[in-house]
Amino acid sequence: MMGKDHMGKRDPMGMMIKSLDLSADQLAKIKELRKTHWEKMKAKREEMKSCANGMMSVMSATATEDNLRGDYNKFKALRDELDKERFEMMLSIRKILTEEQRKKASDLMQKHKDRMGARMKDGPPDFDHP
């Protein structure tokens, strides 16, 4: 679960965990939490992906606006469920970490948030120039 595929650049949580100097016991507990979380949320992620794929064709879709809005609302509800589960997992991981590790994790999460915010600050792309 926490190999290079799940702990690499596509997995910010995994990268943060790698930076916390965890004991073997802490790492085993967190791996199990992440595995359980992944399995628990797999069906919801697939359903969310299906909704998203359906909405991607919103401009050319022959479905009614009400049907498309229904798909969007279902997508939002699934996203909210995934976000809640992610938050619960973070609370569970937090219980495993020492105070120092929690502080370091918080700092790393803030840096990640700052980097993401910096990418978004320039506003929407200029449609006059491809």
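Look at the dipole of the stretch 49-113 built from charges on Cβ: of Thr98, Asn73, Phe87, the Cα furthest out on the positive end belongs to Thr98. Database remark: amide H of Leu22 closer than 5 angstrom to no amide H (H placed geometrically; neighbours at sequence offset of 5 or more, or on other chains; Pro and chain starts carry no H).
For Leu27, what charge total do you get from the other residues with a beta carbon under 14 Å from its beta carbon, if Lys and Arg give +1 and Asp and Glu give -1? Please list the in-between numbers first.
Values: positive: Lys18, Lys29, Lys31, Arg34, Lys35; negative: Asp21, Asp25, Glu32.
Charge balance in the 14 Å sphere: +2.
Please list, in order, the residues from the stretch 88-111 whose amide nitrogen is less than 19 Å from a point placed 7 Å along the Cα→Cβ vector of Ala28. 93-98, by backbone N distance to the label point.
What FRET efficiency would be calculated for the residue pair Ser19, Glu85, taking the C-beta separation as r and a Förster radius of 22 Å, to the nearest 0.05? Calculated value: 0.40.
In straight-distance terms, cross-link reach from Lys74 covers every one of the lysines whose alpha-carbon lies under 28 Å from its own, apart from those fewer than eight places away in the same chain; here that gives Lys35, Lys40, Lys42, Lys44, Lys49, Lys84, Lys113.
Counted by Cβ distance under 12 Å from Phe87, the other residues give a net charge of -2, where Lys and Arg count +1 and Asp and Glu count -1.
None of the figures in this text is laboratory data; all of them are computed from the coordinates on show. These numbers come from a predicted model, not from an experiment. Reconstructed Cβ throughout: ideal geometry from the backbone, glycine too, with neighbour counts over all protein chains shown.
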